[in-house]
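This report concerns only the one structure given below.
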Amino acid sequence: MAGARRIDDFGGVTLDGDAIAAAARALDEAERTGRQIRLLSETYAGLTMDDAYAIQTEWVRMKAAAGDPVIGWKIGLTSKAMQAALSIDIPDSGVLLRSMAFDNGAHIAPGRFIQPRIEAEIAFVMRTGLEPEEISAEAILAATDYVAPALEILDTRITRKDPETGRLRNVCDTISDNAANGGIVLGAPVRDLAALDLRFVGAIVSKDGEVEETGLGAGVLGDPLVSMAWLVERLATCGDRVEAGQVILSGSFIRPIEAPPGSDIAADFGPFGRVECRFG
């Protein structure tokens, strides 16, 4: 698909299986206890993006083995500002699990997340799977059952700033931490895809009744369909694919909004719909 960014060298896997498993267990314990761990890039010097995805994959395997299956994927770092902040020029991806799904209007229990933030996105729900050799805007839309307004709940099992060195996390820390995904709130389906230009679908996002951020779908690599194509190509490099029935978060077009306890978050997408949640 024209404009889609392709995968470059991610550095190879340098960690052995024991180290990957230990990192995944540390992330899992951080989520269960609510106590963040220090930067994995400090714990494992020379951590590569391939190492980070291996840690993410092991953590997801542990969750699935415990009865929390995969329901889809998220795409992150799709805006120029977020890429620049982590010194990278491509997106990253994470995995959506069943436990991460919340109903529109959900009241989220205190302590469910460690340090939640909110992003507004366009979600795709797939009618069929997607293969990289067939990727195009037309193929993605043909494979899509419907799109919907969505909120992504970001959370950080890894501290944002290392308590010992003071260094900020890098992209390998974020990828290891499942691309900082914590949850998803999905709005009502929009099925008339032929009438949509997703570049111009936007939202007004408010916290406690005050507008915090606005944005358009074009903020996601120029077009959320480009982001979707990137994901299909990335998954193919590691033997995964987008499957029928999966939910795909195509990337945020606003900066993350802090959501401390008591926050009411609402994203008004106009004719595209509305999605909201409240934190404890």
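The values are calculated or read from the model by the stated rules, or taken from the named source; none is laboratory data. Just so we're clear, the structure is a prediction, and the values are computed from it rather than from any experiment. Neighbour counts run over all protein chains shown; Cβ positions are idealised from the backbone, glycine included. Surface areas here come from the heavy atoms of the whole protein model, side chains and all, with no ligands, DNA or RNA. Shrake-Rupley method; radii C 1.70, N 1.55, O 1.52, S 1.80 Å.
This table checks each residue for (1) in a loop (DSSP other than H, G, I, E, B); (2) open to solvent by 10 Å² or more (accessible area, probe 1.4 Å); (3) small (Gly, Ala, Ser).
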| residue | (1), (2), (3) |
| --- | --- |
| HIS107 | no, yes, no |
| THR128 | yes, yes, no |
| GLU133 | no, yes, no |
| LEU141 | no, yes, no |
| ASP145 | no, yes, no |
| ILE153 | no, no, no |
| THR156 | yes, no, no |
Exercise. Determine if segment 95-109 includes at least one residue that is closer than 30 Å to ARG191 by Cα, without any contact (Cβ under 8 Å) to a residue 60 or more places away in the chain and touching a helix residue (DSSP H, G or I) at 6+ places or on another chain (Cβ under 7 Å).
Key: yes
Quiz item: For segment 26-70, how many residues are closer than 25 Å to GLY111 by Cβ, in contact with a Gly (Cβ under 8 Å, 6 or more places away or on another chain) and open to solvent by 30 Å² or more (accessible area, probe 1.4 Å)?
Solution: 1
Quiz item: Among the residues of segment 271-280, how many are surrounded by fewer than 17 Cβ atoms within 10 Å (Cβ to Cβ) and either small (Gly, Ala, Ser) or within 11 Å of LYS207 (Cβ to Cβ) (or both)?
Solution: 2
Quiz prompt | Check on GLU119, crowded, with 18+ Cβ neighbours inside 10 Å, charged (D, E, K, R) and in contact (Cβ under 8 Å) with a residue 12 or more places away in the chain | solution = yes
Quiz prompt | Residue list for segment 246-270, filter: open to solvent by 60 Å² or more (accessible area, probe 1.4 Å) and either small (Gly, Ala, Ser) or at pLDDT 95 or above (or both) | solution = GLU258, PRO260, PRO261, ASP264, ASP268
Quiz item: Within segment 235-245, which residues are within 22 Å of ALA54 (Cα to Cα) and open to solvent by 20 Å² or more (accessible area, probe 1.4 Å)?
Solution: ALA236, THR237, CYS238, GLY239, ASP240, ARG241, GLU243
Quiz item: Which of the residues that make up segment 71-105 are surrounded by fewer than 17 Cβ atoms within 10 Å (Cβ to Cβ) and part of a strand (DSSP E or B)?
Solution: ALA101
Quiz prompt | All strands (runs of 3 or more DSSP E) inside segment 169-270 with 1 or more residues being over 18 Å from the mean Cα position of the chain (by Cα) and more than 21 Å from GLU138 (Cα to Cα) | solution = 202-207, 210-216, 264-268
